[in-house]
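What follows draws every value from the coordinates through simple rules; no lab data is involved. All figures in this text were calculated on a predicted structure; none of them were measured in a lab. Ideal geometry is used to build each Cβ from the backbone, glycine not excepted, and the neighbour counts take in all protein chains shown.
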């Protein structure tokens, strides 16, 4: 169902705040026309019926919708917009506070606290050092890469981004399994279209990317953080980890963060429709 005017603007804003397009459309329909059953939701929102059930499950879990108690069938209601806005605001505050606390902890680390006897963890400081480690991580990978990337370092050129994605394409062609997500822009469409053919790709749609995660073969991992906010956001602090015991949970975290964002195929459709 094509949306126009205020409805279209509301969907766009919800997407900016972390909803997928399907979630935003279903929530909007429920808030204006509910209670509805899944078939009615699909008809009124334009969301394919098989996707409606997954969307409703997510909205219920987030506290944005609820199931109505009826004798037969299932009907759904939207939680009031005022309550949803409060939940979103609290989520943003919690995320910002957690990122700040993590940054403060990283800055307070001393070499003796992060370098074990086997030297498996190091503090990294500086964009160039981080770029080198990202390149090494990609080049050394033989089986699997899991990447959650900000705009790579916060200040890369379009040429650097293109080279980064082309390196990933080469690795995928060589048989490396790739799971990756980043804020996909219109400049990335052609490369993403190639990447999604052989890799699992996501569009980060939840606002500012809190960190960068680059894991290779379950053995090595680089986590990057924002060290500077002005004049540009710059991811120039990092932890380089080379112990599989520590890398595995970070891989799990990256995978979980990516699966709550938007599949790249959906993002490509949005960008193509906006042209």
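Taking other Cβ within 10 Å of each residue's Cβ, how do 19, 225 sort, fewest first?
Numbers: 19 26, 225 18.
Final ranking by Cβ density, sparse to dense: 225, 19.
The modelled label-to-label distance for the pair residue 125/residue 197, using points 7 Å beyond Cα in the direction of Cβ, is 4.5 nm.
Taking the longest Cα principal axis of the chain as reference, the axis of helix 264-274 is set at about 60 degrees. Measure nothing fancy, just the Cα-based angle from helix 127-140's long axis to the longest principal axis of the chain, in degrees from 0 to 90, nearest 10. Between helix and principal axis, roughly 80 degrees.
Just subtract the alpha-carbon distance of residue 144 and residue 163 from 0.36 nm times their residue separation and send over the number in nm, one decimal.
Details: separation 19, 0.36 × 19 = 6.84 nm, distance 1.92 nm.
Answer, rounded to one decimal: 4.9 nm.
Mind pulling the angle between the C-alpha long axis of helix 49-62 and the longest principal axis of the chain? Nearest 10 degrees, somewhere in 0 to 90. The answer is roughly 70 degrees. Look at (1) 20.4; (2) 25.4; (3) 18.8: the one that is Kirkwood radius over Cα pairs in Å derived from this structure is (1).
The stretch 1-55 and the stretch 122-150 have Cα centres lying 38 Å from one another.
In plain terms, the chain from residue 208 to residue 53 could stretch by 53.0 nm, reckoned as 0.36 nm per residue minus the Cα-Cα distance.
Look at 272, 211, 121 and count the other Cβ atoms within 10 Å of each Cβ; fewest to most, that gives 272, 121, 211.
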